[in-house]
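What follows is a short report on a single structure.
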Amino acid sequence: MIKEFLKKYWWRYLIGILFLVTVDIIQLFIPREIGSIVDILNTQSPNLNQVKTLIFGIIMLALGLGIGRVFWRISIIGAARLFEYQTWKNMFDHIIGLDQDFFDKWRTGDLMTRFTSDVSTLMRMLGILVIMLVDTIVLTTLTVFAMGTFVNWRLTFISVLPLPLIAIISLFFGRFIHRRFRELQEKTSELSNITEENVSGVDVVKLYSNYDTMQEIFDNKSQEFYNSYIRLVKVWGLMFPLAMLVGQLATIFVFNFGGPMVINNQITLGDFIMTNQYIGMLIWPMMAVGNLINLIQRGRASLKRVNEVLEQKNSIQEPAREDFEFQGHYQINHLTFKYPGSQREVLKDINMNINPGEMVAFVGRIGSGKSTLAKLLVKLYPVERGQIFLDGKDINDVNGEFIRDYVSYVPQDSFLFSMTIRENIAFANEKMEDKVEEFAKLSHVHDDIMSFENKYDTIVGERGATLSGGQRQRVTIARALAKRSKWIILDDCLSAVDTETEEEIIKTLRQQAEGKTILVISHRLKAVKNADQIYVFDNGQIVESGNHNQLISQEGIYYSMYMKQLIEKNLEE
């Protein structure tokens, strides 16, 4: 990832480095000019005009420093920000194309930490680290050369003698920083996860008044994060004072050896001051070695975490997209299915034939495999070859995106985006934005929307929180209808409305969607009794199938469920 970026944008770094080196060279002349001014002023009859000339030269050098810094910042920091943008884009493009198995396993908070904190660390490694690395090498080399050339090589050697110890200290502490930073990133992910879950599930927390439990969990995760950060700071905090102490030794050496040289007229007072300034310039590059090690170690940890996301593979091996005339005829032969990584058989020996234009219903107890089969029909999970056929083709030979282009799936979780109701309905097909009200009427939510102050321009909260459960479900159905697909799957998506409304919506859909295939998953048998084919699921198996009258005449599980719901309805009335 980083190698490919550098191969493509090496020229931006080259320009930035050239300006950075120019700035470093300019910096070398400022102490020399100051030393010259001191020497002139230290004479019995100082030449003030010469002093003014030197001051003007310092001003011009400072101007050059400012201009150079602007350009190297634009080039190097700009390139690092470009890397950050491209990495975000690559990560998003990658995960959005992964199958459902990835999102079932990865936590939202962990992904967000990798998108934010880890990518930001990599951006700093490609920006600040490059600057520090060039400065450390170039500025150190040039400064030592300038000290020896402009002042005295013997004093230079003695003065810089302690400075390499700073690099040794940084290298020693670097391995501890790497390990503790990776631990910190993991604790950051855990804290992000618990925060995201608490905010998303705030209704549950409030309804159960279980503040103490959630507060305790959050406090524990916060404490773990704090402890992890403190462990990192202890190492970091010990390294820098030690490095500063060694840096001050260099200043002591200058006074100890340079002072007598001034007294003995071996060097001038201006040379002595110049040497002190050069030593000050050398301390920062030596200190930067610690930052370099820190950034490299943190960058390595973050790079590994980002690569873990980019290296995730689809559990479904998608073939190249090959479009054909989609009819929606499904044949299922002896389908047995286990979720990836699980040994439990969710579906067992399923056999089914769904013809285009039919209304099909899946009914049965919760957890009996109804929704799982619906997800397999739109290829959200992998199945073995020879078990599901679409229009005569093995589903493994059909591109999943192609299938989902022709299928409108309304899941149990009625998810809405934080945008207007109109935008949510037109999300699947922006060309239908002018017909949004038509689809809202079909899903029986138009009257509710018109009661809002801003009507269809009402902005719903996060996940549609400002709407009731029934309103959210009906808006998601309107969104599915706006897609104008040949197949419509309603996966228990009307549980929040009453039975009569659910029955009326399904009846309207069947009338308006003539020629389209409708699959309804519901616990309310009255709502699906007019289906062409009803499949009764129990413990991952189809135990009964047929239309309503046929199933009633069998007096089996379907009959028992229907009579029980009928009695419950009569008791309610």
Legend entry - Among F253, N47, S170 - extreme Cα towards positive end, dipole of segment 2-310, charges at beta-carbon: N47
Inset, instruction - With an 8 Å cut-off on Cα pairs and a minimum separation of 6 or more residues, tell me the relative contact order of segment 2-310 in percent. - result: 31
Legend entry - Contact order normalised by residue count of the chain, Cα under 8 Å, 6+ apart, percent: 14
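Work out how much length I230 to K435 would gain on full extension: take 0.36 nm times their residue separation and subtract the Cα-Cα distance, in nm to one decimal.
Once the chain is fully extended between I230 and K435, it gains 68.0 nm.
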Inset, instruction - Could you tell me whether segment 340-449 comes out rounded, prolate or oblate from its Cα gyration tensor? Rule is a ≥ b ≥ c as square roots of the eigenvalues, rounded for a/c under 1.5, then prolate if a/b exceeds b/c, otherwise oblate. - result: prolate
Legend entry - Where labels lie 7 Å past Cα in the beta-carbon direction, separation of S418 and L171 in nm: 4.9
Inset, instruction - On a 0 to 90° scale, report how tilted helix 499-512 is relative to the longest principal axis of the chain, with both axes built from alpha carbons and the result rounded to the nearest 10. - result: 90
Legend entry - Residue-span extension gain [F257 to F71] - 0.36 nm each, minus C-alpha spacing: 63.0 nm
Legend entry - Estimated distance in nm for a label pair at V543 and Q331, the labels positioned 7 Å out from Cα along Cα-to-Cβ: 2.9
Legend entry - Helix axis angle, 469-482 relative to the chain longest principal axis, alpha carbon, degrees: 90
Legend entry - Cβ-based charge dipole, the chain, positive-most Cα from L238, F272, M123: F272
Inset, instruction - Treating the angle as unsigned and between 0 and 90°, give the value, to the nearest 10°, between the Cα long axis of helix 211-253 and the longest Cα principal axis of the chain. - result: 20
Inset, instruction - Please give the FRET efficiency for N264 paired with R81, using the beta carbon to beta carbon distance and R0 = 56 Å, rounded to the nearest 0.05. - result: 0.55
Legend entry - Subset of K187/K304; K304/K375; K3/K313; K431/K455; K435/K486; K393/K507 violating a 27 Å alpha-carbon distance limit: K304/K375; K393/K507
Inset, instruction - With +1 on each Lys and Arg Cβ and -1 on each Asp and Glu Cβ, and nothing else charged, work out how big the dipole of segment 2-310 is about its Cα centre, in Debye to the nearest 20. - result: 820
Inset, instruction - Would you calculate a helix-derived [θ] at 222 nm for the chain, using -39,500 (n - 2.57) for each DSSP H run of n ≥ 4 and dividing by the full residue count, to the nearest 500? - result: -20000 deg cm²/dmol
Inset, instruction - Please give the length that would be gained between S468 and N220 if that part of the chain were fully extended, namely 0.36 nm times their separation in residues minus their C-alpha to C-alpha distance (nm, one decimal). - result: 85.9 nm
Legend entry - Normalised convex hull volume, the chain, alpha-carbon set, Å³ per residue: 220
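Each value in this text was obtained by applying a stated rule to the coordinates, not by laboratory testing. Model, not experiment: these values are computed from the prediction. Heads up, the Cβs are rebuilt from the backbone with ideal geometry, glycines too, and the neighbour counts pull from every protein chain shown.
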